[in-house]
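For reference, the structure is listed below as structure tokens.
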Amino acid sequence: MKKKKFGGFIALLVAMAMILSYSIAPIRDGVGEALDVVLGPLAGMMPFYILIIILSAATGLYSSIIQKYTIDYERMTEVQERMKVFQREFREAQLSGDEKKIKKMDAKRDKVMKEQMELSQQQFTPMAYILIITVPIFFWLLFRLGVTPDATVVMPFFGSHTLTDAVLGPVPAWILWYMICSLSISQVVRKSLNIGGI
């Protein structure tokens, strides 16, 4: 158990480091430029929005596969069901004013909360693996958009925009397009791999 907790902590640190590296321009630009050696030729072969679809599909695929093999979905479902039952029973005890049952439920609460915490920690590991692959792709997309700022996309409900336009508050079109494609494709992958939701 201690080994699992330590692994979750390391995964969280890795995930935070990956996210923080976004704010360090030399790292962000260096990674983007390095990846351009591999992905740059693809950008010349197709419209940029199609390349985003391909990269987001890859994201949906590998994130679903990583989660399938690092998260115990059966146990997650069991814990979530126990939590629902506990919350329902605890609310009923409070509404009825049954002090004896409330005390009994209070003793049980620690166990239920501990299971919830373990579930949350279990999700740090796949998140770190996913970020290790996804963050460099985002760095490359940012780098490439600096080279081709006039690339456009036509999105449902938002119409035609250049990929650098802010379309949903401060969210640029390329991120929204990436998210729409990735979430749509990952749902298909999850269904085919029989993976539950998080």
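The values are calculated or read from the model by the stated rules, or taken from the named source; none is laboratory data. A quick note: this is a predicted structure, and the numbers were derived from the prediction, not measured. Because the Cβ atoms are built from the backbone with ideal geometry, glycine has one as well, and the counts that use them run over all protein chains shown. With ligands, DNA and RNA removed, areas are computed over all heavy atoms of the protein, side chains included. Shrake-Rupley method; radii C 1.70, N 1.55, O 1.52, S 1.80 Å.
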| message | Taking the conditions exactly as written (farther than 30 Å from HIS161 by Cα and part of a helix (DSSP H, G or I)), does VAL79 satisfy them or not? | response | yes
| message | Could you go through segment 149-156 and let me know if any residue there is hydrophobic (A, V, I, L, M, F, W, C), assigned to a helix (DSSP H, G or I) and surrounded by fewer than 18 Cβ atoms within 10 Å (Cβ to Cβ). | response | no
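Taking the stated definitions as given, is GLU118 assigned to a helix (DSSP H, G or I), open to solvent by 80 Å² or more (accessible area, probe 1.4 Å) and out of contact with any strand residue (DSSP E or B) (no Cβ under 7 Å at 6 or more places or on another chain)? So that I can check it myself, show each step before the final result.
Working: assigned to a helix (DSSP H, G or I): yes; open to solvent by 80 Å² or more (accessible area, probe 1.4 Å): no; out of contact with any strand residue (DSSP E or B) (no Cβ under 7 Å at 6 or more places or on another chain): yes.
Spelling it out, it is not the case that GLU118 is assigned to a helix (DSSP H, G or I), open to solvent by 80 Å² or more (accessible area, probe 1.4 Å) and out of contact with any strand residue (DSSP E or B) (no Cβ under 7 Å at 6 or more places or on another chain).
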| message | VAL135 - would you say it is touching a residue at least 24 places away in the same chain (Cβ under 8 Å) and either open to solvent by 70 Å² or more (accessible area, probe 1.4 Å) or in a helix (DSSP H, G or I) (or both)? | response | yes
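Residue-wise test of (1) in contact with a Phe, Trp or Tyr (Cβ under 8 Å, 6 or more places away or on another chain); (2) of a type outside the set (D, E, K, R).
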site	(1), (2)
SER23	no, yes
ARG28	yes, no
ALA34	no, yes
ALA43	no, yes
ILE71	no, yes
LYS84	no, no
GLU92	no, no
